[in-house]
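The values are calculated or read from the model by the stated rules, or taken from the named source; none is laboratory data. None of the values given here were measured: they were computed from a predicted structure. In this analysis, Cβ positions are derived from the backbone assuming ideal geometry, glycine residues included, and neighbour counts consider all displayed protein chains. With ligands, DNA and RNA removed, areas are computed over all heavy atoms of the protein, side chains included. Shrake-Rupley method; radii C 1.70, N 1.55, O 1.52, S 1.80 Å.
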Amino acid sequence: MNTVKTVAELRAVIARARSQGKRIGLVPTMGNLHAGHIALVNTALRHADFVVASIFVNPLQFGRGEDLDSYPRTLAADQDKLVDAGCHLLFAPDVSEMYPDGMEQQTKVSVPVVSEGLCGASRPGHFDGVSTVVSKLFNMVQPDVAVFGQKDYQQLAVIRTMVRDLNMPVQIIGEPTVRAEDGLALSSRNGYLDDTQRHDAIALYRVLQGVVEAIQGGNNDLPALLQHASKDLGSAGFRPDYLEVREAASLRQPSAQDSQLVVLGAAFMGNTRLIDNIAFER
Ligand code: PAF
């Protein structure tokens, strides 16, 4: 597996693969790869002949006071994991390659409505940063297919909407969340947790499971249910950011008729903000 750092090199390698009739898959990441990322690569390999992974800690999607500087950067270990997974090419650009004129002057892509509320409310500008960098990666790689994790449920909805609204010729695949044995969703940010926090962090998934079970059991009083669940998160050591049930595809507030739902939660364990979700049918 080659690693390239410039758009020119990336385009040259992909042009060769495409001239051989290969279908191109893209797995965008911010690195510090874990089994969840490798599942994305495996899925891309099932849908494409030539898989490109990108590693870029995108400053445009981090807000002031967030963990841009401390975000783990583990390129050598990530390269080894990608080689083992059978990835064909790694694109690992510097910030100056992605934003040569600086971030202020960068043309931005903004997806309304679906990016508002939930993480969009807690992290203003975050999804503009995501949709801008993903658009750029799509234009650089021109993949036939791209794979994203369902753990970042709202991000996936934003990207699907962007692709539809801007007629981007790429198939988007959502990969189910990979969990640790106890159920905690794998995330690079889990590495910030100390042992006690890591132990307590499972409460996020458990609380979401409790909400799903209650709704499937016929509880339709969502405000009371979510308030109760939020208290449970607090008792487990979390500082809840949001806990909401939404219609699964659009992420709008659910009506009584909607049967495809998703419960989404974000909460701080110490300084670490964790997110998780469960899509379900009622
Ligand atoms: O999910 C991530 O790792 C990032 O948000 C993404 C999609 C690679 C864009 O920077």
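Data overview
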item: Normalised convex hull volume, segment 126-180, alpha-carbon set, Å³ per residue; result: 82
item: Equivalent-ellipsoid semi-axes of segment 119-222, from the Cα gyration tensor, Å, largest first; result: 30, 19, 14
item: Protein accessible area in segment 154-203, 1.4 Å probe - carbon and sulfur %; result: 49
item: Over segment 60-139, volume per residue of the alpha carbon convex hull, in Å³; result: 134
item: Dimensionless Rg over Rh [segment 1-56; C-alpha; Kirkwood]; result: 0.97
item: For segment 172-236 versus segment 108-130, the gap between their alpha-carbon centres in whole angstrom; result: 22
item: Relative contact order (%) - criterion: Cα under 8 Å, at least six apart; region: segment 77-161; result: 29
item: Whole-Å distance, taken between Cα centres, linking segment 248-273 and segment 3-49; result: 30
item: Hydrodynamic radius (Kirkwood) for segment 157-282, which is based on Cα pairs only, to one decimal in Å; result: 15.7
item: Built amide H within the under 5 Å cut-off of residue 51, gap 5+; result: 25, 88, 89
item: Contact order normalised by residue count of segment 1-104, Cα under 8 Å, 6+ apart, percent; result: 40
item: Ranking by accessible area, most exposed first, for 269, 168 with a 1.4 Å probe; result: 168, 269
item: Projected label distance in nm at residue 268 and residue 11, using a 7 Å step from Cα toward the beta-carbon; result: 4.4
item: Viscosity 1.567 mPa s, 4 °C: Kirkwood-radius Stokes-Einstein D of segment 1-106 over Cα pairs, µm²/s; result: 89
item: P(r), alpha carbons of segment 205-251 - 5 Å bins starting at zero, rounded %; result: 5, 20, 31, 25, 14, 4, 0
item: Residue order for 33, 166 - accessible surface, 1.4 angstrom probe, largest first; result: 166, 33
item: With DNA, RNA and ligands ignored, accessible area of residue 74 (1.4 Å probe; Å², nearest 10); result: 50
item: Radius of gyration, Dmax [the chain; alpha carbons; angstrom]; result: 19.1, 58
